[in-house]
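These notes concern the structure reproduced below.
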Amino acid sequence: MSDWEEMGVYYTTDGMADMFMLLTGYLLPLSMMANWNSMKHSLLFYELMTSIGAMLLMNFMCQDMTSFYMYFEVSLAPLFMLIGCYGANNRDKAADYMLMYTTYSSMFMLLAMGTYEMTIGNCDYTSISLVVLSTDLQCMLFMALIMGMMVKTPLVPVHTWLPVVHSESPLAGSMTLAGVMLKLAMYAMMRLMLPSLSDATVLYTPMAYLMCLMTMMYTALITLRQTDLKVIVAYSSMGHMAVCMLGMLSNSMVGMNGSLVMGMAHGLVSPALFMMVGGMLYDRYHNRLMYYYQGLMTYMPLLSVYLTMLSFCNIGTPLTANFMGELLSLTGAMGRSVMLGSMSALSVLLSAAYMLKVTNRLTGGMRTPYMALTSDCTYRESVLMLVLIMPTMYYGMYPNGMLNMMWQSGDLLYVFMSSVARRTRRRAMR
């Protein structure tokens, strides 16, 4: 037995963890390359980014709740330093927002993990999934854990920190936060809450669905009034993570599959959009206001093509991975609650409205006189765009490759199927 195992810390992986680890390893060098022009002489920047990537990989490798919480919190320190050192004018406010919201909400998660340790004497994922707790205790643990998940996702009304952090953080910080760190809440819910808190999940699913619907409608409506391009992409990320939560709580394998596919697709498309609006356009014009740009198609045709493709991917157009994720998630949500699922499906129209508005504004029309002519995408930028767009298109046409890898672990599939069966029996008894 190794020293790590003697201390009760186990590191192993399965298909779901492997996919998120691959996503982390895929996005980390891309985020560094995206900031190459402004950060190529800063050694501290690359040390912080490497630390964030290592902490995120440890989050997906560990197999007990204590280690997950430890790495969950430790990953905030290098991100806090990254925003504080390399952020925009209001970087101090953004760093404080991120640290306060996430740290305070995680205290409830720590109380829940302490309760698990006192109750069953173990915090291992497999051990807690095999113990049947009373309904009252499950409800208490569910409310404690959901506080951390709501802030990390985030859901309305604890969402106000995310637009501020995205707008003030450097490009690499926004890409890592949107691409991987927002998935920690979804991953933790799949690991911690669904297998062991099945009764409480059934009881609180209507409330969670209502909060997800409020998040999707609110973010879509407020995005229509936004002018900052990075804030628009940040609110779009919140809406898509709410779709992931809908599929996850659907009590069906279809919804869970959709939630995982949606998380992976969002982890590719959202960093690409941040790279475009916070890197390519901002590096050339030093402006993030949507109404500053017009007629990019006339003198930056390659960037306009990339923007159009990413906009359609973000909307959830067929033959993209986002479409498969939204389709499966909303299908599972409608099976759980027809009314709330149907209303959530209608919010997809609003997401199409604001993305097409942004695309039409940036690419259509004629160039305004105050905009200087600049070069189109460089070779480095084109490579970064293509390596994010191509997997999105490929897994949209062949999603079985992603799904088969996610569920390659028989033990994990057995745990989730047992959880689904228990929740189904509870619903039938009621």
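Name the pairs whose Cβ atoms lie under 6 Å apart, with the first residue in segment 62-90 and β-branched (V, I, T), the second buried (at least 18 other Cβ atoms within 10 Å of the Cβ) and outside any helix (DSSP H, G or I), and 6 or more positions between them or separate chains?
T66/C123; I83/S169
Please enumerate the residues belonging to segment 23-76 that are surrounded by fewer than 17 Cβ atoms within 10 Å (Cβ to Cβ) and either of a type in the set (F, W, Y) or not in a helix (DSSP H, G or I) (or both).
W36, K40, H41, S42, Y46
Restricted to segment 188-209, and to residues that are in a loop (DSSP other than H, G, I, E, B) and aliphatic (A, V, I, L, M), which residue is farthest from G87 (Cα to Cα)? Can you show your working first?
Residues of segment 188-209 that are in a loop (DSSP other than H, G, I, E, B), as a first pass: 194-197.
Next, only the ones that are aliphatic (A, V, I, L, M) stay: 194, 197.
Values: L194: 37, L197: 40 Å.
Only one residue tops the list, namely L197.
Is segment 156-171 home to any residue that is out of contact with any Asp or Glu (no Cβ under 8 Å at 6 or more places or on another chain), within 20 Å of M58 (Cβ to Cβ), modelled with pLDDT of 85 or more and in a helix (DSSP H, G or I)? Write out each step before concluding.
Looking only at segment 156-171, we keep the residues that are out of contact with any Asp or Glu (no Cβ under 8 Å at 6 or more places or on another chain), and these are 156-166, 168-171.
Cutting the leftovers down to within 20 Å of M58 (Cβ to Cβ) gives us none.
No, there is no match, as no residue in segment 156-171 is out of contact with any Asp or Glu (no Cβ under 8 Å at 6 or more places or on another chain), within 20 Å of M58 (Cβ to Cβ), modelled with pLDDT of 85 or more and in a helix (DSSP H, G or I).
Can you tell me how many residues in segment 118-150 are under 25 Å from the mean Cα position of the chain (by Cα), farther than 18 Å from C62 by Cα and β-branched (V, I, T)?
Within segment 118-150, residues that are under 25 Å from the mean Cα position of the chain (by Cα), farther than 18 Å from C62 by Cα and β-branched (V, I, T) number 1.
Keeping to segment 210-243, report how many residues are out of contact with any Ser or Thr (no Cβ under 8 Å at 6 or more places or on another chain), not polar (S, T, N, Q) and not in a helix (DSSP H, G or I).
Result for segment 210-243: 2.
Could you please let me know if A88 is assigned to a helix (DSSP H, G or I) and of a type outside the set (D, E)? Break it down into steps so the answer makes sense when it comes.
Working: assigned to a helix (DSSP H, G or I): no; of a type outside the set (D, E): yes.
Spelling it out, it is not the case that A88 is assigned to a helix (DSSP H, G or I) and of a type outside the set (D, E).
Residues Y187, Y218, Y204: which one is out of contact with any Gly (no Cβ under 6 Å at 6 or more places or on another chain), under 17 Å from Y69 (Cα atoms) and of a type in the set (S, T, Y)? Steps first, answer last, please.
On the way: Y218 fails: under 17 Å from Y69 (Cα atoms); Y204 fails: under 17 Å from Y69 (Cα atoms).
Going through Y187, Y218, Y204 in turn, just one is out of contact with any Gly (no Cβ under 6 Å at 6 or more places or on another chain), under 17 Å from Y69 (Cα atoms) and of a type in the set (S, T, Y): Y187.
Does P369 satisfy the criteria of being of a type outside the set (A, V, I, L, M, F, W, C), under 30 Å from R288 (Cα atoms), in a loop (DSSP other than H, G, I, E, B) and at pLDDT 85 or above?
Numbers: of a type outside the set (A, V, I, L, M, F, W, C): yes; under 30 Å from R288 (Cα atoms): yes; in a loop (DSSP other than H, G, I, E, B): yes; at pLDDT 85 or above: no.
The answer is no for P369.
Within the set of pairs 6+ apart or on separate chains, which have a first residue in segment 23-45 that is free of Cβ contacts under 8 Å to residues at least 24 places away in the same chain and within 14 Å of V387 (Cα to Cα), a second that is aromatic (F, W, Y) and in a helix (DSSP H, G or I), and C-beta atoms under 9 Å apart?
none
Considering each of V277, V269, V243 in turn, give the residue that is within 20 Å of L155 (Cβ to Cβ), of a type in the set (V, I, T), surrounded by 22 or more Cβ atoms within 10 Å (Cβ to Cβ) and touching a residue at least 24 places away in the same chain (Cβ under 8 Å). Spell out the reasoning first.
Details: V277 fails: within 20 Å of L155 (Cβ to Cβ); V269 fails: within 20 Å of L155 (Cβ to Cβ).
Step by step, each of V277, V269, V243 is checked, and only V243 is within 20 Å of L155 (Cβ to Cβ), of a type in the set (V, I, T), surrounded by 22 or more Cβ atoms within 10 Å (Cβ to Cβ) and touching a residue at least 24 places away in the same chain (Cβ under 8 Å).
The values are calculated or read from the model by the stated rules, or taken from the named source; none is laboratory data. Not measured: the values here are computed from a predicted model. For neighbour counting, all protein chains shown are included, and Cβ atoms are generated from backbone atoms with ideal geometry for every residue, glycine included.
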